[in-house]
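Novice: Let me begin by handing over the structure; questions about it come next.
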Amino acid sequence: YYVVRYAPCPFRESTSCMWDAVVVGLGGVGSFALRALARRSPSLRIIGLERFHIGHDKGSSHGGTRIYRHAYFEHPDYVPLLKYSTAEFHVLQEEMKRPIIEQCGNLIIERRRKGRRSGDTSSSSTPIIDACLESASRHSIKVELIEDQKQLSRRYPQFQFHRSHVGMIEPGGGYVRPETAVQAAIDDARTHGATIKAGITVESITEVDASQSDGHVVLRATTEEGKKEVVEARKVIVAGGPWTGHLLPQWSKYLCVTKQVQAWIDIGRLENTTNAEMYDPSMMPTWIREENEEANDDQISQPMLYGFPCDPKSEQPTWMKIALHGRDDPVNPEDHIQGSRDVNEAELDELRVAAVPFLRNIHPSQEFIHAKTCLYTCSPDDDFLVGRPKGHRHVVAAAGLSGHGFKMTPALGRALADMTVDSKTDLPIDFLRPSRFEG
């Protein structure tokens with residue numbers, strides 16, 4: 001190994017090349033952490049290291065679109081992070097003059113069902129929408145509840161609603177373009193003095209004098225050409241996505257990586273479609289349909305189905321994207337990227353079976369024009385891990401975003417930057433502390 005020299009050395013008060021901070025992984029969280037660090041102070045010597053290329057499709061920050069929303073059924077405590085992040089996406093869009101965020105609304109669809117307690121048939125329940133309404137009430141988010149199937153069908157003719165379906169529309173929701181957002185955050189960080197290096201695989205992270213305030217961190221890495229390097233830093237942010245368990249072994253038992261599938265339909269090829277405009281964001285919101293517990297005659301449960309309108313600002317303006325959220329298909333991320341990442345026909349059939357009863361004009365042999373895999377890194381409770389891993393003093397990390405984190409990457413990135421510089425943040429992330437698992 002030799003000490004890496006990507007910027008003028010030596011460091012100001014040292015005879016070695018010591019960075020103030022290194023960000024490992026430049027996907028959603030890492031790119032925004034690097035941006036937040038760079039904007040804090042131009043005097044900080046910071047570098048971002050990415051194993052692949054910026055905006056790659058091997059992890060969790062790709063696919064053209066990601067839903068954003070604020071009336072959050074997962075937990076009301078996420079809402080301040082959501083609001084902060086949406087505002088930052090708009091700031092970045094305005095500053096960089098790039099199409100990053102699109103407001104078209106978000107529609108949650110859920111079946112009203114009988115009470116879940118054994119023998120309880122006295123009440124109906126919509127637990128997901130009820131949780132959305134709780135977040136909306138607590139944080140003053142504008143939403144509209146639609147409890148009439150006919151009204152839902154009139155307003156959203158793209159879907160086939162069941163007689164027991166209830167809908168909730170949040171006008172302030174929509175979608176973010178992840179690759180555009182990541183590249184914009186990286187470019188903004190570079191403008192503010194950050195160094196970016198792609199093609200660098202970090203193999204290990206070791207603290208030197210971890211118990212001391214003046215300790216530092218040693219990262220051993222390999223370049224694309226196979227050259228061994230050592231990077232030294234006062235502070236390190238780990239945003240390794242599916243590879244975090246390798247970089248931080250003490251977190252590996254809390255992180256499960258799963259393979260997800262997303263696919264696109266060309267609405268120009270749909271049968272019986274006379275009004276292609278109804279798939280435009282001006283007429284169609286992003287949407288989430290609850291987990292289908294009555295998917296077929298065999299009573300096989302299906303994950304949540306979600307999707308997007310066509311994106312007129314993309315290179316494929318007639319493609320409509322749909323996906324399943326939370327497929328239970330564990331994978332080793334290293335095996336995944338080394339093997340074929342093609343979506344197979346059985347996986348596409350999963351999507352067809354879920355989509356056909358709900359999306360109008362979709363038939364059982366529906367052709368997908370394109371499909372991609374995506375990796376979720378899930379925690380035991382599906383909430384994030386954000387903070388300082390046990391045994392570390394100079395390393396902070398975020399992981400376990402569990403398939404719902406990209407919409408909060410500006411907040412998570414800033415929180416990690418705050419903890420790196422100030423050892424604390426004013427963003428409300430206490431409920432995401434890794435100590436809830438580490439003890």
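The values are calculated or read from the model by the stated rules, or taken from the named source; none is laboratory data. A quick note: this is a predicted structure, and the numbers were derived from the prediction, not measured. Glycine also receives a Cβ, built like all others from the backbone with ideal geometry; neighbour counts cover every protein chain displayed. Side chains included, ligands, DNA and RNA excluded: accessible areas come from the protein's heavy atoms. Shrake-Rupley method; radii C 1.70, N 1.55, O 1.52, S 1.80 Å.
Novice: If you go through region 342-367, how many residues are over 30 Å from Val166 (Cβ atoms) and surrounded by 15 or more Cβ atoms within 10 Å (Cβ to Cβ)?
Specialist: Going through region 342-367 one residue at a time, the tally reaches 1.
Novice: Looking only at residues in region 230-243 that are in contact with a helix residue (DSSP H, G or I) (Cβ under 6 Å, 6 or more places away or on another chain) and closer than 16 Å to His392 by Cα, which one is most open to solvent (accessible area, probe 1.4 Å)?
Specialist: It comes out as Lys235.
Novice: Being surrounded by 14 or more Cβ atoms within 10 Å (Cβ to Cβ), modelled with pLDDT of 95 or more, over 21 Å from Asn292 (Cβ atoms) and not charged (D, E, K, R) narrows it down to one of Gly105, Gly167, so name that one.
Specialist: The conditions single out Gly105.
Novice: Something else now. Scan region 206-229 for residues that are surrounded by 11 or more Cβ atoms within 10 Å (Cβ to Cβ) and assigned to a loop (DSSP other than H, G, I, E, B) and report the count.
Specialist: Selection size over region 206-229: 6.
Novice: Within region 184-202, can you find the residues that are surrounded by fewer than 19 Cβ atoms within 10 Å (Cβ to Cβ), in contact with a Leu (Cβ under 8 Å, 6 or more places away or on another chain) and assigned to a strand (DSSP E or B)?
Specialist: Lys197, Ala198 - these are the residues of region 184-202 that are surrounded by fewer than 19 Cβ atoms within 10 Å (Cβ to Cβ), in contact with a Leu (Cβ under 8 Å, 6 or more places away or on another chain) and assigned to a strand (DSSP E or B).
Novice: For region 247-274, give me each residue that is free of Cβ contacts under 8 Å to residues at least 40 places away in the same chain and farther than 25 Å from Asp214 by Cα.
Specialist: Once the filter is applied, which keeps residues that are free of Cβ contacts under 8 Å to residues at least 40 places away in the same chain and farther than 25 Å from Asp214 by Cα, region 247-274 yields Ser252, Lys253, Thr274.
Novice: Further question: Among the residues of region 143-183, which ones are under 23 Å from the mean Cα position of the chain (by Cα), assigned to a helix (DSSP H, G or I) and not aliphatic (A, V, I, L, M)?
Specialist: Pro178, Glu179, Thr180, Gln183 - these are the residues of region 143-183 that are under 23 Å from the mean Cα position of the chain (by Cα), assigned to a helix (DSSP H, G or I) and not aliphatic (A, V, I, L, M).
Novice: Same structure again: Evaluate the following for Asp383: is it part of a loop (DSSP other than H, G, I, E, B) and within 27 Å of Asp57 (Cβ to Cβ)?
Specialist: When the stated conditions are applied, Asp383 passes them.
Novice: For region 25-43, enumerate the residues that are within 18 Å of the chain's Cα centre (by Cα), among the aliphatic types (A, V, I, L, M) and open to solvent by less than 10 Å² (accessible area, probe 1.4 Å).
Specialist: Leu26, Ala33, Leu34
Novice: Now for a separate question. Quick one: which of Gly439, Gly403, Gly391, Gly413 is within 20 Å of the chain's Cα centre (by Cα), of a type outside the set (A, V, I, L, M) and open to solvent by 20 Å² or more (accessible area, probe 1.4 Å)?
Specialist: None of the others qualify; the one that does is Gly403.
Novice: Looking at the structure I just gave you, is Asp335 free of Cβ contacts under 8 Å to residues at least 60 places away in the same chain, surrounded by fewer than 17 Cβ atoms within 10 Å (Cβ to Cβ) and within 22 Å of Asp430 (Cβ to Cβ)?
Specialist: So Asp335 fails the test.
Novice: Which residue pairs have Cβ atoms closer than 7 Å, lie 6 or more positions apart in sequence or on different chains, and pair a first residue in region 144-159 that is touching a residue at least 24 places away in the same chain (Cβ under 8 Å) with a second residue that is open to solvent by 50 Å² or more (accessible area, probe 1.4 Å)?
Specialist: Pro157/Arg360; Gln158/Arg360; Phe159/Arg360
Novice: Where residues in region 44-96 are of a type in the set (Ser, Thr, Tyr) and outside any loop (DSSP other than H, G, I, E, B), which of them is most open to solvent (accessible area, probe 1.4 Å)?
Specialist: If we take residues in region 44-96 being of a type in the set (Ser, Thr, Tyr) and outside any loop (DSSP other than H, G, I, E, B), then Tyr84 is most open to solvent (accessible area, probe 1.4 Å).
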